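Some notes on the structure that comes next.
The values are calculated or read from the model by the stated rules, or taken from the named source; none is laboratory data. Predicted, not measured: the structure shown is a model, and the values here were computed from it. Neighbour counts are summed over all protein chains in view; Cβ atoms, including those assigned to glycine, are modelled from backbone coordinates with ideal geometry.
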Amino acid sequence: MYDITAAPIVRFVREASALSQRELAERAGTTQAVVSRIESGDASPSVEMVQRLAGAAGYEIRLECVPRRVTDPVVEAYKPGVDKTLLVEQLKKSSEQRVETMLSMQRLTGEFRRAGREARGQVAERPPAYGGEGKDALRALQEAGVDLIIIGGLAATLHGSARVTFDIDVLYSRTDENIARLVAALRPLSPYLRGAPPGLPFQFDEPTVKAGLNFTLTTSAGSFDLLGEVTGCGRYEDVAAHSRGQSVFGHDSLVIDLDWLIRAKRAAGRPKDLEVLAELEILRDLTDANN
């Protein structure tokens with residue numbers, strides 16, 4: 001990690017630009033003595049002076065305030081059990097390759113679950129559709145131009161998680177226009193409240209979405225969670241500033257960044273997320289090291 005004091009910064013930009021102290025001073029409108037005193041640590045220049053020197057060398061200095069990283073002893077206890085070698089391999093893949101790996105593991109896990117139910121005589125009339133649960137529903141939203149951000153398990157996979165997840169969670173914008181697009185996109189898929197008894201007078205329409213906020217849905221294309229707000233992060237407009245665009249299932253979509261995904265998992269406070277948090281924090285450390 002670089003020292004954030006002025007001396008190494010000024011020395012770095014000068015040497016990287018192959019400039020002498022005199023040449024840098026002339027470009028910045030100061031004297032060689034000033035540059036020499038800064039580089040030796042004998043002077044404490046203002047931020048403006050450091051920016052001026054960096055600019056004269058062809059560099060730009062950016063200062064950013066970020067939330068302090070919190071160390072949770074419970075999460076730390078899970079980290080020795082995380083396979084870092086597997087995560088390193090995951091990070092070598094493209095985001096699309098990571099998703100394909102996850103879908104393959106979904107299918108394999110699904111076959112094991114199905115075999116276990118059959119062995120217990122618990123064969124369902126309609127077997128669950130493993131290997132892309134909720135993918136087609138997400139595609140329907142993407143193709144309709146719905147403003148959304150991918151969060152949760154799928155976002156973790158896109159960041160390099162090696163965990164098998166069946167969760168597709170999206171955070172949607174609650175503007176009137178976006179809600180209209182969302183409802184129109186899902187209407188052909190017969191959305192219904194997941195876990196609710198059949199026959200309830202539930203209608204997924206614009207008034208329902210405007211009156212509600214977060215929906216756990218099952219559709220003819222699989223199950224997924226539709227969230228208007230994420231605990232600890234806020235609504236679409238809040239999270240959009242902490243998201244990045246990337247290709248997901250062949251469509252460009254916003255994906256919550258790793259720091260804010262960790263923030264959301266911490267705020268949820270669920271015991272089942274402790275192992276996930278351990279893996280995500282290790283992924284963040286590996287990503288920072290790679291960068």
Practice task
Pick out, from region 1-65, the helices (runs of 4 or more DSSP H) lying fully within it that include 2 or more residues that are among the polar types (S, T, N, Q).
Solution key: 32-39
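Quick check: anything in region 37-56 within 26 Å of ALA264 (Cα to Cα), among the charged types (D, E, K, R) and within 39 Å of the chain's Cα centre (by Cα)?
As a first pass, look at region 37-56 and keep what is within 26 Å of ALA264 (Cα to Cα): none.
Among the residues of region 37-56, not one is within 26 Å of ALA264 (Cα to Cα), among the charged types (D, E, K, R) and within 39 Å of the chain's Cα centre (by Cα), which makes the answer no.
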Handout entry: Looking only at region 32-52, and only at residues there that are among the hydrophobic types (A, V, I, L, M, F, W, C) and under 10 Å from ARG11 (Cα atoms), the one that is surrounded by the most Cβ atoms within 10 Å (Cβ to Cβ)
Key = VAL35
Fill in the blank from the handout: In region 1-20, residues that are buried (at least 19 other Cβ atoms within 10 Å of the Cβ) and either among the polar types (S, T, N, Q) or within 30 Å of ASP285 (Cβ to Cβ) (or both) total 4
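Would you say VAL248 is modelled with pLDDT of 95 or more and of a type in the set (A, V, I, L, M)?
Numbers: modelled with pLDDT of 95 or more: no; of a type in the set (A, V, I, L, M): yes.
Judged against the criteria, VAL248 is not a match.
Can you find, within region 115-135, the residue that is modelled with the highest pLDDT among those that are farther than 12 Å from VAL170 by Cα and within 21 Å of the chain's Cα centre (by Cα)? Break it down into steps so the answer makes sense when it comes.
Let us first name the residues in region 115-135 that are farther than 12 Å from VAL170 by Cα, namely 115-133.
Then keep just the ones that are within 21 Å of the chain's Cα centre (by Cα); that gives 132-133.
On the way: GLY132: 53, GLU133: 60.
Among them, the one singled out is GLU133.
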Exercise for the section: Report the residue count in region 89-99 for those that are assigned to a helix (DSSP H, G or I) and surrounded by 13 or more Cβ atoms within 10 Å (Cβ to Cβ). Expected result: 7
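Residues checked against (1) over 27 Å from LEU277 (Cβ atoms); (2) part of a helix (DSSP H, G or I):
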position: ARG139; (1), (2): yes, yes
position: GLN142; (1), (2): yes, yes
position: ALA156; (1), (2): no, yes
position: ALA162; (1), (2): no, no
position: ASP167; (1), (2): no, no
position: ARG174; (1), (2): yes, no
position: LEU182; (1), (2): yes, yes
Practice task
Being in the same structural domain as LYS92 (by TED's automatic domain parsing), in contact with a strand residue (DSSP E or B) (Cβ under 6 Å, 6 or more places away or on another chain) and among the β-branched types (Val, Ile, Thr) narrows it down to one of ILE179, ILE168, so name that one.
Solution key: ILE168
Fill in the blank from the handout: When every residue in region 159-189 that is farther than 30 Å from LEU86 by Cβ and of a type in the set (Ser, Thr, Tyr) is compared, the one surrounded by the fewest Cβ atoms within 10 Å (Cβ to Cβ) is THR175
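Residue check: is VAL50 in contact (Cβ under 8 Å) with a residue 24 or more places away in the chain, in contact with a helix residue (DSSP H, G or I) (Cβ under 9 Å, 6 or more places away or on another chain) and either in the same structural domain as ASP273 (by TED's automatic domain parsing) or among the polar types (S, T, N, Q) (or both)? Break it down stepwise before answering.
Details: in contact (Cβ under 8 Å) with a residue 24 or more places away in the chain: yes; in contact with a helix residue (DSSP H, G or I) (Cβ under 9 Å, 6 or more places away or on another chain): yes; either in the same structural domain as ASP273 (by TED's automatic domain parsing) or among the polar types (S, T, N, Q) (or both): no.
For VAL50, the condition - in contact (Cβ under 8 Å) with a residue 24 or more places away in the chain, in contact with a helix residue (DSSP H, G or I) (Cβ under 9 Å, 6 or more places away or on another chain) and either in the same structural domain as ASP273 (by TED's automatic domain parsing) or among the polar types (S, T, N, Q) (or both) - is not met.
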Practice task
Could you please let me know if LEU226 is crowded, with 19+ Cβ neighbours inside 10 Å, touching a Lys or Arg at 6+ places or on another chain (Cβ under 9 Å) and within 19 Å of ASP167 (Cα to Cα)?
Solution key: no
